[in-house]
Amino acid sequence: MCIRDRYDRTDGETINLSGWVGLPLGADGFLTLAAEYVDQKKTIRTAPDWRQQYPLVNGAFDPREASFDRYNAWYGEPELEQYSLFANAGYNLSDTTKLYGWASYQNRDSTSAGFFRRALDDRNIIQIYPDGFLPLINPEVEDLSGAVGVTWKLGEWDMDTSLVYGSNRMDFTIRDTLNRSIGPTSKTVFDAGGFKYEQAVFNFSGVRTYDVGLATPLNVAAGVEVRREGYEIFAGEPDSYRNGGVLLNGAPTPSGAQVFPGFRPANEVDKHRTSVGTYLDLEANLTEQLLMSAAVRAEHYSDFGETVTGKLALRYDAVSYTHLTLPTTPYV
């Protein structure tokens, strides 16, 4: 039997295109737009598969063993295509009041591989894949976020209030695979379901300083935050998880699409929770070299109740920068 000694490997190729532009927004505002495109080819760092690939023919090796491409694995970075858009804006309503906001969107489509199934493998259906198959996992991710807020002065306080929303959704498509329990009529591409997370946050906060006789004024920050979170798992198509009843060596065959069985209806989740929290943060230099900070946060969660957390920190600067003397002669 003659085996080809060809060795293929690649570190992939990546194309990255990006750009941005800044625009005036009336006489007192700005708008910045940015976009990015990434096209990343897969990397392949693998070794030849010297195992027998095909069932014996009349007790002898199948002639296709001599011409089979033994570099049948895919180890390395996935294939990736990604689009990103971002907008950022601000507008001065007065000398002390400013509107701000941003919005972003990203779509990421990637593909990675499982382990190769040989033609003679019990997990293969030779009528579908006469030369074996390499199952691929193809998740598509959508990220989006947006925010709007306003800052203003309230006496000695610098105030800020904002509403921020973000979500992440991942859908799984399984390609170049099969559901062994269905038999030769099995599909080769499956919608395996996915999951989604989203969050909305409202924040109202203020910051100011007090002169209390320490080395630096005491910085005080306080605020209230209201948050709503949601998490969802959604099922794939029935063929991605079901058992078709075809036996394997007289025993039940594992269910679902190989390499990644789909989410089942029993896995489905659609839950939400809310939380309301308030916090206080204090920070000041006790001496020129000793900084102290303390914070406390109390929060109520709709699903499990209340929690209180705190922080106390000290930092000592071995060198006092206020006494450093800068050189009078510029460096050459």
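What list of ³J(HN,Hα) values in whole Hz, one per residue of segment 286-296 in order, does the Karplus curve 6.51 cos²θ - 1.76 cosθ + 1.60 (θ = phi - 60°) give from phi, with Gly and Pro shown as x?
6, 10, 4, 10, 10, 9, 10, 9, 9, 8, 9
Accessible surface of Thr32 in the full protein assembly, 1.4 angstrom probe, to the nearest 10 Å²?
Looks like 40 Å² after rounding.
Counting only C-alpha contacts under 8 Å and six or more residues apart, can you give the relative contact order of the chain as a whole percent?
10 percent
Taking a ≥ b ≥ c as the square roots of the eigenvalues of the Cα gyration tensor of segment 1-114, is the shape rounded (a/c under 1.5), prolate (a/b larger than b/c) or oblate?
The shape class here is prolate.
Gln106 to Glu237: extension gain in nm, 0.36 nm per residue of separation minus the Cα-Cα distance?
Computed gain between Gln106 and Glu237 is 44.6 nm.
Of Ala235, Ala298, Leu282, whose Cα points farthest to the positive end of the dipole of segment 179-321 (charges on the beta-carbon: +1 Lys, Arg; -1 Asp, Glu; origin at the Cα centre)?
Ala235
If ligands, DNA and RNA are left out, what is the accessible area of Arg242 with a 1.4 Å probe, given in Å² to the nearest 10?
90 Å²
Using bins 5 angstrom wide from zero, how does P(r) for segment 201-248 break down, in % of all Cα pairs?
Spelled out bin by bin, segment 201-248 gives 5, 12, 10, 9, 8, 7, 7, 5, 5, 5, 6, 5, 5, 5, 2, 3, 0 percent.
Excluding same-chain residues fewer than 8 positions from Lys98, which lysines have a Cα within less than 27 Å of its Cα?
List returned: Lys153.
For segment 167-184, in order, what is each residue's ³J(HN,Hα) by Karplus, 6.51 cos²θ - 1.76 cosθ + 1.60 with θ = phi - 60°, in whole Hz (x at glycine and Pro)?
8, 9, 10, 10, 10, 9, 10, 10, 10, 6, 9, 6, 9, 4, 6, 8, x, x
Can you give the Rg to Rh ratio of segment 192-283, both from alpha-carbon atoms, with Rh computed by the Kirkwood formula?
1.45
Which whole-angstrom value gives the distance between the alpha carbon centres of segment 188-218 and segment 299-315?
When both Cα centres are located, 14 Å separates them.
Between rounded, prolate and oblate, where does segment 256-297 land on the alpha carbon gyration tensor, with a ≥ b ≥ c its root eigenvalues, rounded for a/c under 1.5, else prolate if a/b exceeds b/c?
Oblate is the answer for segment 256-297, as a/c is 1.5 or above yet b/c matches or exceeds a/b.
Tell me which lysines have Cα within less than 26 Å of Lys271's Cα, excluding those fewer than 8 residues away on the same chain?
Cα-Cα hits under 26 Å: Lys196.
Report the one residue of Tyr165, Val212, Gly114 whose Cα lies farthest in the direction of the positive end of the charge dipole of the chain (charges on C-beta: Lys and Arg +1, Asp and Glu -1; origin at the Cα centre).
Most positive-ward Cα: Gly114.
What order do Lys271, Lys187 take when sorted by accessible area (1.4 Å probe), most exposed first?
Lys271, Lys187
Tell me, what are the semi-axes, in whole angstrom and largest first, of the equivalent ellipsoid of segment 131-247 as set by the roots of 5 times the Cα gyration tensor eigenvalues?
For segment 131-247, the semi-axes come out at 55, 13, 11 Å.
The values are calculated or read from the model by the stated rules, or taken from the named source; none is laboratory data. Treat the numbers as computed from the prediction; the structure is a model and nothing was measured. In this analysis, Cβ positions are derived from the backbone assuming ideal geometry, glycine residues included, and neighbour counts consider all displayed protein chains. Quick note on the areas: whole protein, heavy atoms, side chains included, nothing else; ligands and nucleic acids left out. Shrake-Rupley method; radii C 1.70, N 1.55, O 1.52, S 1.80 Å.
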